[in-house]
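The values are calculated or read from the model by the stated rules, or taken from the named source; none is laboratory data. Since this is a predicted model, take the numbers as computed values, not measurements. Cβ sites come from the backbone with ideal geometry, for glycine too, and all protein chains shown count toward neighbours. The accessibility values were calculated without ligands, DNA or RNA, using every heavy atom of the protein model including side chains. Shrake-Rupley method; radii C 1.70, N 1.55, O 1.52, S 1.80 Å.
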Amino acid sequence: MIEKMERISRELMYQGAIVDVYKDTMRFANGKIEEWDTVSHRMGAAAVLPVLPDGRIILVRQYRNALERETIEIPAGARDSKGEDTKETAIRELEEETGYRSDEVEFLLSLRTTVAFCDEFVDVYVAKNLVKGEQHLDDAESIDVEIYPLEELCAKVYAGEIQDSKTVSAIMAYANTLR
């Protein structure tokens, strides 16, 4: 049986543009006290798996500072406000990062990216009926658009070439819906 936990204090250690970092002091049922780090994502996020009419998937390649390398991922981003519908976030990020628009965007799944120390959630959508337009990147973004067959993406997941949790989840969940 899981022991009852109690947070007895929370101290803000860092306040950033997107995340806040806290030092939480926790008490276990047996009275033991530990300090835990918690990252709070202020807005939540949305992501989208863009599917072309021939079934190929559009991904974006970008540099990720935390990993010190480029990754390939599905388009994603934080909500503009806590009240923004994540579907609207997904539609906006699709066009900003890939240049594609869609009038057929459906919910796929919701996930928590790193439950051990972060409360971030990402709602993931599938976009079809894509229309090519132009990217609208932020000044600090450098993103390449890449297109892959679903089977190749599944192979990249199993080979460890794609490790981003929202991308892995989206690819595998979408592949499962086609079975």
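Structure data summary
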read-out: Residue list for the stretch 44-82, restricted to those being in a loop (DSSP other than H, G, I, E, B) and open to solvent by less than 10 Å² (accessible area, probe 1.4 Å); value: Gly44, Ile74, Pro75
read-out: Subset of the stretch 22-43 that is outside any strand (DSSP E or B) and within 14 Å of Arg112 (Cα to Cα) - its residue that is farthest from the chain's Cα centre (by Cα); value: Arg42
read-out: Selection within the stretch 1-21 - in a strand (DSSP E or B) and among the charged types (D, E, K, R); value: Glu6, Arg7, Arg10, Glu11, Asp20
read-out: Pairs, first without any contact (Cβ under 8 Å) to a residue 24 or more places away in the chain in the stretch 100-129, second hydroxyl-bearing (Ser, Thr, Tyr) and buried (at least 20 other Cβ atoms within 10 Å of the Cβ), C-beta under 7 Å, six or more apart; value: Glu106/Tyr125; Phe107/Tyr125
read-out: Residue count for the stretch 106-144, restricted to those that are farther than 30 Å from Tyr22 by Cβ, touching a helix residue (DSSP H, G or I) at 6+ places or on another chain (Cβ under 6 Å) and modelled with pLDDT under 95; value: 2
read-out: Matching option when the condition is of a type in the set (Asp, Glu), out of contact with any Gly (no Cβ under 7 Å at 6 or more places or on another chain) and buried (at least 17 other Cβ atoms within 10 Å of the Cβ), among Glu104, Glu151, Glu97; value: Glu97
